[in-house]
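Heads up, the thing below is written out as structure tokens.
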Amino acid sequence: MGLVRKQIPQSPEEPAPPSATPDELIRRLDDPDPERRREAALDLDGMPEAVPELLARLGPEQEPRVRDAVLTTLAAHDTEAVAAGLAVHLASDEAGLRTAVAEALATMPRSTPALIPDLLAAPDHDVRVMTAMVLADLPHPDAQSWLARMIDEDPHANVVTAAIDALLPAATAEHVPVLQAAARRFPDDPFLQFTVRSALPRLAGTA
Amino acid sequence: MADATSTGAGLSDADFARFTEYFYKRTGIHFTAGKRYFVDKRVEACIRNSSHSTFASWFAALRTRDRSELLQELINQLTVNETYFLREDYQFDALLSTVLPQVLSARGGVRRITGALKILSLPCSTGEEPYSIALRLLEEWDQIDHVDVEIHGADIDSAVLAKAAHASYGERSLQRVPKAWLNKYFVPVGSGRHQVDDGIRSAVTLHRVNVCDTASMRAFRDYDVIFCRNVLIYFDELSSRRAAENLYGALRPGGYLFLGHSESMSRISPIFTPTRLPEGIVYQRPTGAN
């Protein structure tokens, strides 16, 4: 008893052999054991042929840990097809799924920006709210101007409030007129009024 | 010319507030107004080393175009990378007083446990952390004579692993080690340096691995406790997610993950359950159905 040394069978410098072929891994996405599904999703990293299969599992998958593994692998591809396949879930009735998808899209700076114009024009205002969430963390030079445009033009108070929240960490004094205009557009929305009122003093004097 | 509330970096009070809010959101590290001079000097250095001439353009780029590169340098400037024995040892207090008893209980208690308790330090750098865990267990855990414990250290850098294997440390690394422990577990090797004795060195297994590499991390399984401190803040979002997934896979269901005091898993991945202990937050792999 006490401290004991474990001799692992393989050299630690050598990666473990692949756990299965791509076809086997794809079949494991339907395994009854969620841990097997989770590991299969992660092991499909870097395999573009698995993208359609991973996208197809995203909606039906009920285990959040498996869903997150699927999203981690998909987001690494950062292609237009993946971004488009993910964006449809921004309209999901399941809050966990649409939030997880928004977080994944925010990690895809190459492909997500091309979707933004359509998402900003989505008829479902909840999709536009989720788009503000994406833009909050998307590392892209136009993210702030898209958010400012949402604040300036979107007809729904919830969307505008979400966009203000998303913009605030990067907002400067130059955004004060945009926020003030939003407050004038929605004089009867107490949450939006509170958000703008809280933000304005912090922006004064920023560069 | 800077105004009365500005620095050479051009940070007004409002910019400082905005910067510290951003940095807190990104890393979990909060700088109070008392750290203003420290922050200003290092932000100035970051701006000087970048292609930007003003705080405003640098800060905008930090959040957008050159984000990962600029953020990495900023984190390097604003964090202390030095490691030493018994660093942030309140987490070792939590390990001994709460986590290990719970792990032991979950695995059937001293009499029924099968196999060793497994603890992983990742990244282990030059070895101070895994050896600190060994010292605390040997000196302060009343079950150490009744249970087998494996301690593993892992790092991506083979050079630091070689130093960890040699386990010879100078005064700065050893400043928090009690003299009695120094006499008991270390051997003087000259020039004020001390080497961890053979017994402890041979009990700690070292590995080279990249925490973001799922294939390599597959070799790490069934750990009861993982210390992964002050590394995830250096990763971009996608790498952090991948690392979190791999740490999850390396833990036994119900196992515990310690992050650095300034790090939060909640902004990386929702797959762990945060658990509040008297000594702070620790993250647990849910026991689930598997």
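Within the range B:92-199, considering only strands (runs of 3 or more DSSP E) that don't extend past its boundaries, which have at least 1 residues that are within 26 Å of B:Tyr248 (Cα to Cα) and open to solvent by 30 Å² or more (accessible area, probe 1.4 Å)?
B:117-121, B:148-155
State the number of residues belonging to the range B:253-282 that are under 23 Å from B:Glu129 (Cβ atoms), within 13 Å of chain A (Cβ to nearest Cβ) and open to solvent by 20 Å² or more (accessible area, probe 1.4 Å).
The number of residues fulfilling the criteria is 1.
Do the conditions hold for B:Glu237, that is, is it within 12 Å of another protein chain (Cβ to nearest Cβ) and within 30 Å of A:Gln62 (Cβ to Cβ)?
Yes, satisfied.
Yes/no matrix, rows are residues, columns are (1) under 24 Å from the mean Cα position of the chain (by Cα); (2) of a type outside the set (A, V, I, L, M):
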{"position": "B:Thr126", "(1), (2)": "yes, yes"}
{"position": "B:Glu129", "(1), (2)": "yes, yes"}
{"position": "B:Leu161", "(1), (2)": "yes, no"}
{"position": "B:Asn183", "(1), (2)": "no, yes"}
{"position": "B:Val189", "(1), (2)": "no, no"}
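Which members of the range A:83-125 meet the condition of being part of a helix (DSSP H, G or I), under 21 Å from A:Val51 (Cβ atoms) and of a type in the set (S, T, N, Q)?
A:Thr112 - this is the single residue of the range A:83-125 that is part of a helix (DSSP H, G or I), under 21 Å from A:Val51 (Cβ atoms) and of a type in the set (S, T, N, Q).
When the residues of the range B:78-91 are narrowed to those that are open to solvent by less than 60 Å² (accessible area, probe 1.4 Å) and assigned to a helix (DSSP H, G or I), which ends up modelled with the lowest pLDDT?
B:Leu78
Specify the residue that is nearest to A:Ala143 (Cα to Cα); the eligible residues are those in the range B:31-62 that are within 13 Å of another protein chain (Cβ to nearest Cβ) and open to solvent by 30 Å² or more (accessible area, probe 1.4 Å).
Applying the first criterion (within 13 Å of another protein chain (Cβ to nearest Cβ)) to the range B:31-62 yields B:43, B:47, B:52-62.
Right, trim to open to solvent by 30 Å² or more (accessible area, probe 1.4 Å) and you get B:52-54, B:56-57, B:60.
Numbers: B:His52: 20, B:Ser53: 22, B:Thr54: 20, B:Ala56: 16, B:Ser57: 15, B:Ala60: 11 Å.
The qualifying residue nearest to A:Ala143 (Cα to Cα) is B:Ala60.
Output yes when any residue across the range B:212-232 is closer than 30 Å to A:Thr73 by Cα, without any contact (Cβ under 8 Å) to a residue 24 or more places away in the chain and more than 10 Å from chain A (Cβ to nearest Cβ), and no when none is.
No, the conditions are met nowhere in the range B:212-232.
State whether one or more residues within the range A:45-59 are more than 14 Å from chain B (Cβ to nearest Cβ), under 18 Å from the mean Cα position of the chain (by Cα), among the small types (Gly, Ala, Ser) and outside any helix (DSSP H, G or I).
Yes: the range A:45-59 contains one or more residues that are more than 14 Å from chain B (Cβ to nearest Cβ), under 18 Å from the mean Cα position of the chain (by Cα), among the small types (Gly, Ala, Ser) and outside any helix (DSSP H, G or I).
Kindly indicate whether B:Val211 is in a loop (DSSP other than H, G, I, E, B) and open to solvent by less than 20 Å² (accessible area, probe 1.4 Å).
On the way: in a loop (DSSP other than H, G, I, E, B): yes; open to solvent by less than 20 Å² (accessible area, probe 1.4 Å): yes.
Taking the combined requirement at face value, the residue satisfies it.
Pick from the range A:29-38 the residues that are open to solvent by less than 60 Å² (accessible area, probe 1.4 Å) and within 14 Å of chain B (Cβ to nearest Cβ): which of them is farthest from A:Val82 (Cα to Cα)?
A:Asp33
Filtering the range B:134-193 down to residues that are within 12 Å of another protein chain (Cβ to nearest Cβ) and aromatic (Phe, Trp, Tyr), which residue is farthest from B:Val99 (Cα to Cα)?
B:Tyr185
Between a first residue in the range A:109-124 that is open to solvent by 60 Å² or more (accessible area, probe 1.4 Å) and a second residue that is part of a loop (DSSP other than H, G, I, E, B), which pairs have beta carbons less than 6 Å apart while being 6 or more apart in sequence or on different chains?
Hits for this filter: A:Arg110/A:Asp78.
Would you say A:Thr72 is touching a Lys or Arg at 6+ places or on another chain (Cβ under 6 Å), in a helix (DSSP H, G or I) and within 12 Å of chain B (Cβ to nearest Cβ)?
Against the criterion (touching a Lys or Arg at 6+ places or on another chain (Cβ under 6 Å), in a helix (DSSP H, G or I) and within 12 Å of chain B (Cβ to nearest Cβ)), A:Thr72 qualifies.
Quick check, is B:Ser262 part of a helix (DSSP H, G or I) and of a type outside the set (Lys, Arg)?
no
Count, please, the residues in the range A:49-108 that happen to be surrounded by 17 or more Cβ atoms within 10 Å (Cβ to Cβ) and of a type in the set (S, T, N, Q).
Qualifying residue count, the range A:49-108: 4.
Criterion first (at pLDDT below 80, of a type in the set (Asp, Glu) and surrounded by 15 or more Cβ atoms within 10 Å (Cβ to Cβ)) does B:Asp13 satisfy it?
It is false that B:Asp13 is at pLDDT below 80, of a type in the set (Asp, Glu) and surrounded by 15 or more Cβ atoms within 10 Å (Cβ to Cβ).
Would you check which residues across the range A:165-207 are within 11 Å of B:Asp15 (Cα to Cα), touching a Ser or Thr at 6+ places or on another chain (Cβ under 6 Å) and assigned to a helix (DSSP H, G or I) and list them?
Result: A:Ala173, single match.
Tell me which residues, restricted to the range A:177-207, are open to solvent by 30 Å² or more (accessible area, probe 1.4 Å), within 14 Å of chain B (Cβ to nearest Cβ) and either modelled with pLDDT of 95 or more or over 20 Å from A:Met133 (Cα atoms) (or both).
A:Leu200, A:Pro201, A:Arg202, A:Ala204, A:Gly205, A:Ala207 - these are the residues of the range A:177-207 that are open to solvent by 30 Å² or more (accessible area, probe 1.4 Å), within 14 Å of chain B (Cβ to nearest Cβ) and either modelled with pLDDT of 95 or more or over 20 Å from A:Met133 (Cα atoms) (or both).
The values are calculated or read from the model by the stated rules, or taken from the named source; none is laboratory data. None of the values given here were measured: they were computed from a predicted structure. Positions of Cβ are generated from backbone atoms using ideal geometry, with glycine treated the same way; all protein chains shown enter the neighbour counts. We work out accessible area using only protein heavy atoms, side chains counted, and drop any ligands, DNA or RNA first. Shrake-Rupley method; radii C 1.70, N 1.55, O 1.52, S 1.80 Å.
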